[in-house]
Each structure stands twice: as C-alpha cells, then as structure tokens.
Amino acid sequence: MPSTTPYAIVHSLNAQQLTKMRNRVFFSINTDQITNEKGDRPGPPSSQRGSTMHRPQQADKKTRNPVDRIEEMAAIKAKLLIAGKTLTKIDEEYKLSRGTAGTTLREPNIAGERAIAAALGTRPHLLWRTRYHASGLRKSPQPPANYERPPTMRQRQNDAAA
C-alpha cells in the first residue's frame with residue numbers, strides 16, 4: 001500500500017500536475033494581498049489610512065491561542081513542501097546560519113522571515129500575521145508571546161483530556 005503522507009503525494013504527481021498545484025498555491029498566496037482602489041499600494045486607500053475606520057486585523061489581537069501559532073507554522077511548512085523547498089535549502093540559498101529558517105518558524109527573526117517569504121514568492125506579513133501589523137509593518141518590539149514555544153502535541157493532548 002503506498003504511503004499517503006503529503007510528501008509522498010507530491011512526489012507521486014507528474015510534472016504537469018505538480019505545476020498546477022504550485023500555481024494554485026502561489027495564486028492563493030498572492031490573492032491574500034490587499035491593494036487600494038488604484039492597485040498600487042497595499043492597505044486601505046490613502047484617504048482612509050490612519051483613520052479609526054480601519055481597525056487592526058488578526059495580527060493585532062492580544063488574545064491569541066497557541067494553537068493558532070501552530071496552525072500558522074503548519075501552513076508555512078505546507079507551502080514550502082508544495083513549492084519543493086526545504087528549510088535547510090533556504091538557509092544555504094540565502095546564506096543564513098544553519099537552522100535559522102527552522103528557528104524562524106517558532107521565533108521572530110527578520111532575516112529568516114524575509115528568506116522564507118522570498119522562497120515562497122510572497123511577503124513576510126502575509127505569512128506571519130502575529131509578527132506584523134495588518135498594514136505590513138513589523139511589530140517592534142515583538143510581543144513576548146512570539147518568543148514562547150507552542151505546546152507540544154503531548155501537552156495539547158493532556159490539556160484536552162483534563
């Protein structure tokens with residue numbers, strides 16, 4: 001019986017099917033971008049920038065569930081898998097220290113965030129909503145919650161059983 005892991009599924013596709021899948025993922029990544037009515041700059045129209053009409057989105061919420069961060073990391077890993085990239089290849093390609101891209105999934109690192117986003121052909125604020133404001137500006141300083149390790153699978157199972 002063949003393995004049904006995402007890795008095995010991607011490698012069992014022919015070139016045409018793989019190209020279609022990659023195009024779908026990149027299209028979905030790029031459609032997340034918000035542009036104004038002229039389409040030249042991300043965010044709300046200049047007449048409404050800074051007004052109270054546009055409140056901060058998900059990235060600015062104070063109460064984030066640790067599971068949300070795990071889902072965010074899993075989504076990025078899935079996009080990398082479909083794009084045929086690995087974290088070690090990103091480290092080598094963008095001349096980062098070994099392990100930087102992997103650590104960037106858990107903790108903020110601007111160089112790692114930019115490298116992963118560039119490898120996926122998108123912008124960092126579209127991948128890490130917890131580390132960037134809705135406008136695309138990086139939070140400075142980063143919230144302390146971004147440096148906490150998410151609970152392991154066993155910890156989440158124990159919490160669910162309790």
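What follows is calculated from the coordinates using simple rules that are stated; it is not laboratory data. Not measured: the values here are computed from a predicted model. As a convention, Cβ positions derive from the backbone with ideal geometry for all residues, glycine included, and neighbour counts pool all protein chains shown.
Most tightly packed first, judged by the mean number of other beta-carbon atoms within 10 Å of their residues, the peptides 146-153, 76-83 read 76-83, 146-153.
Where does the Debye-calculated log10 I(q)/I(0) of the stretch 96-155 sit at q = 0.20 Å⁻¹, using only Cα point scatterers of equal weight, no solvent? Normalising to I(0) and taking log10 leaves -0.78.
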